[in-house]
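The values are calculated or read from the model by the stated rules, or taken from the named source; none is laboratory data. Remember, predicted model here, so these are calculated numbers, not experimental data. Don't worry about glycine lacking a Cβ; one is built from the backbone with ideal geometry, like all the others, and counts go over all protein chains shown.
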Amino acid sequence: MKKFFLSILLGVGCWIVYPQTNQVKITSAGIGIGHSDPHSSYNIYMDNQGSLYNTLLVRNQTTATSGNWAIAIVSSQTIGISKSVGIKATAYTSSPLSSYRSYGLYATAGNATTGWNYGVLTELMGTNNGTALFAASAQGTNEYIPGKFAGYFNGRVYMSERLGVGTSSPQYTLDVNGDIHYTGSIFSSSDVRLKKDITELSSSMKKLSQLRAVSYQFKEEDLSLRAEARSAVQDTGIVVITDLRKYLALEEKKDADRLHIGFIAQEFKEIYPELVRENDKGMLSIDYLSLIPILVQTIQELNKRIEVLENKK
């Protein structure tokens, strides 16, 4: 059977319909849906009116085979002007509202292979500086990115739970696997209005004399913890754990040859249990900063003893 087509002229536009292949080709102008005069800047212009809430529904019900992609919408934009955007989504009104919710982009994902579900997947391509995800708290605050980043935030960032840096299993509000460098100061909340049952410390000299200061290096791997790692494989579905230190949220292997100075948490706990914290994996940590008031109290006590001795001369 010979292939045939029907050409329909609509104003300055031309549609070519191929009934056997269910294809429509637009050779010029544009399509207006819900609007009699398509905007000259768009090939397809949709104007949702009436009681319908959704302007466009695109569904791809194809089951992807291994190694293939089943994509509902594909957007491709070649950079050639000052601002090139693959997809622009806006849900905004100039006047603030007292209720309702708006989402510029709403994406959900789930129930694929465990560990491979992404609500939003963004990638930084090429060799130039930039960021895969840029988020700003005010309009027009986009700025030059001085490096290559997975995420770059302009404005305050709020985390409702734990934040892990270098660890996928944070045990604390901020859990950092590695060194911390900062410029500025660290302040700890200490306002009297936050405290109760305030009691002055008794003599700390005896307790301090029982502490054993040591130098040490971190192990590259603790073989005694392999049983715990095996149980973690069953609980989490992890196939292989090649670095037990990473699983236990300890320092990375690069610190194995570095000399450290401090205390042994198990020994320290016997003297100052209130300064030792145990995470849900049974690992102990020491609150070294809280030793400062203890040391100050001890120095004050030593000064008093020195003054007494000097007055006896």
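Does SER203 fit the bill of being modelled with pLDDT under 90, surrounded by 10 or more Cβ atoms within 10 Å (Cβ to Cβ), out of contact with any strand residue (DSSP E or B) (no Cβ under 7 Å at 6 or more places or on another chain) and not charged (D, E, K, R)? Break it down into steps so the answer makes sense when it comes.
Details: modelled with pLDDT under 90: yes; surrounded by 10 or more Cβ atoms within 10 Å (Cβ to Cβ): yes; out of contact with any strand residue (DSSP E or B) (no Cβ under 7 Å at 6 or more places or on another chain): yes; not charged (D, E, K, R): yes.
So SER203 passes the test.
In the stretch 152-194, what count of residues is obtained for those that are under 20 Å from the mean Cα position of the chain (by Cα) and either at positive phi or aliphatic (A, V, I, L, M) (or both)?
The total comes to 10.
Need the failing condition index for THR114 against (1) touching a Leu at 6+ places or on another chain (Cβ under 7 Å); (2) β-branched (Val, Ile, Thr); (3) surrounded by fewer than 11 Cβ atoms within 10 Å (Cβ to Cβ), just the number.
In the conditions (1) touching a Leu at 6+ places or on another chain (Cβ under 7 Å); (2) β-branched (Val, Ile, Thr); (3) surrounded by fewer than 11 Cβ atoms within 10 Å (Cβ to Cβ), THR114 misses (1) alone.
Please list, ordered by first then second residue, the pairs with beta carbon atoms under 8 Å, 6 or more apart or interchain, first in the stretch 300-313 and under 24 Å from LEU201 (Cβ atoms) and touching a residue at least 24 places away in the same chain (Cβ under 8 Å), second of a type in the set (A, V, I, L, M) and surrounded by 10 or more Cβ atoms within 10 Å (Cβ to Cβ).
Close Cβ pairs satisfying both conditions: GLU301/MET205; LEU302/MET205.
Mind counting the residues in the stretch 256-299 that are assigned to a loop (DSSP other than H, G, I, E, B) and either over 33 Å from the mean Cα position of the chain (by Cα) or under 17 Å from GLU200 (Cβ atoms) (or both)?
1
State yes or no: is ARG277 at pLDDT 50 or above and out of contact with any Ser or Thr (no Cβ under 7 Å at 6 or more places or on another chain)? Lay out the reasoning, then the answer.
On the way: at pLDDT 50 or above: yes; out of contact with any Ser or Thr (no Cβ under 7 Å at 6 or more places or on another chain): no.
Spelling it out, it is not the case that ARG277 is at pLDDT 50 or above and out of contact with any Ser or Thr (no Cβ under 7 Å at 6 or more places or on another chain).
Going by the structure shown, is ASN111 more than 26 Å from the chain's Cα centre (by Cα), in a loop (DSSP other than H, G, I, E, B) and more than 30 Å from GLN139 (Cβ to Cβ)?
Details: more than 26 Å from the chain's Cα centre (by Cα): no; in a loop (DSSP other than H, G, I, E, B): yes; more than 30 Å from GLN139 (Cβ to Cβ): yes.
When the stated conditions are applied, ASN111 does not pass them.
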